[in-house]
1. Of all residues in region 247-261, how many are in contact (Cβ under 8 Å) with a residue 40 or more places away in the chain and not hydroxyl-bearing (Ser, Thr, Tyr)?
2. Does region 52-71 contain any residue that is at pLDDT 80 or above and basic (Lys, Arg)?
3. With (1) exposed (fewer than 15 other Cβ atoms within 10 Å of the Cβ); (2) within 24 Å of the chain's Cα centre (by Cα) as the list, and Ile205 as the residue in question, which single condition is left unmet?
4. Can you name every residue in region 177-186 that is surrounded by 15 or more Cβ atoms within 10 Å (Cβ to Cβ) and modelled with pLDDT under 80?
5. May I ask you to say which residue of Ser235, Ser201, Ser239 is touching a residue at least 12 places away in the same chain (Cβ under 8 Å) and among the hydroxyl-bearing types (Ser, Thr, Tyr)?
6. Does Val174 meet the test of being among the aliphatic types (A, V, I, L, M), closer than 30 Å to Pro111 by Cα and at pLDDT 85 or above?
7. Select from region 61-77 the residues that are touching a residue at least 60 places away in the same chain (Cβ under 8 Å) and of a type in the set (A, V, I, L, M) and list them in ascending order.
Amino acid sequence: MKTESGIKIGEITEMICAYTEYLKNEHNLLVSIHFAQRYPYLFERAKALLKYNTHTNPYCFKVKSDRARHKKCIRCQEAVLKKCAAKRCYTGVCHAGVAEYVHGFFCDGIPVGFVSVSGYKSDKKPYCTDDFYIRNIKDKEIPTELLNTVVPPLCMMLERFIGFKECENTYKDVYYDVLDFLRERHSYVSVDEIAKKFNFSKSYISHMFKKKSGRTLKEYCNILKINDAKVLLESSDMSVTEAAQMSGFNNFSYFIKVFKSMTGMTPLKWRAQCRDKAR
């Protein structure tokens, strides 16, 4: 498969691998590439890059030999992605006491992974304080100026790598699947349930839906629920309170507010208007 410029995805993969090796060999940098766990299709696409999906520092291997510590490393990746969303790159200290430089890469404005350059000593108490730690952690400051120059090109390549058409198609497929799901369950579904159903994070689902529809998930669900309420009000004699509850609104005051914002009138006035037109 090729990009619009004619470059094959395999060629970009080779470029990423070659550049990563260059950073490791020429600049002695401990570079790793991490894809967000919540985007499984990226792991399928990035099989050739998974060899870079772990810190190569022996100290980090020792930390991850502890199952609980390893799980904590994985959990911390979500926190790293949140920081990348607010600030594309930053320096920090991991839970095991290692200082690192982090630079995020994005798809449609959403952080989908990050590049880490780690292995630097910090003031934080390390996981272990024996000679093993001292030997394998660089006793110098993070070379931020160098990293701000050499890491962004790698992130640009990764963004190009994940920006192929099949990524866009996955994006579209998820959107239409979410639409179908909402039409069936809009009266009681939550963003948490949608995210769990489609194996994406809440932030990804919310951002994707707003980008594709121009509305938030809540706004879209409210439109569907108000349409349900209109049908109930027009076709039955049930009370406005019952119509609100039947259409999925647990808060009556909020229902009235949303109904008026969409129709310009109260539910009772809307019902009366519909019946006047029917005469």
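1. Within region 247-261, residues that are in contact (Cβ under 8 Å) with a residue 40 or more places away in the chain and not hydroxyl-bearing (Ser, Thr, Tyr) number 1.
2. no
3. Result: Ile205 passes all but (1).
4. If the condition is that a residue be surrounded by 15 or more Cβ atoms within 10 Å (Cβ to Cβ) and modelled with pLDDT under 80, then Arg185, His186 are the ones that fit.
5. Ser201
6. Taking the combined requirement at face value, the residue does not satisfy it.
7. Within region 61-77, Val63 is the sole residue that qualifies.
Listed here are the residues, each with its yes/no results for (1) surrounded by fewer than 19 Cβ atoms within 10 Å (Cβ to Cβ); (2) touching a Ser or Thr at 6+ places or on another chain (Cβ under 7 Å); (3) in the same structural domain as Gly109 (by TED's automatic domain parsing); (4) outside any loop (DSSP other than H, G, I, E, B).
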{"site": "Ala229", "(1), (2), (3), (4)": "no, yes, no, yes"}
{"site": "Asp237", "(1), (2), (3), (4)": "yes, no, no, no"}
{"site": "Tyr254", "(1), (2), (3), (4)": "yes, no, no, yes"}
{"site": "Lys257", "(1), (2), (3), (4)": "yes, no, no, yes"}
{"site": "Lys260", "(1), (2), (3), (4)": "yes, yes, no, yes"}
{"site": "Met265", "(1), (2), (3), (4)": "yes, no, no, no"}
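The values are calculated or read from the model by the stated rules, or taken from the named source; none is laboratory data. Bear in mind that the values here come from a model prediction, so they are computed numbers and not experimental data. Cβ atoms come from the backbone with ideal geometry, glycine included; neighbour counts cover every protein chain shown.
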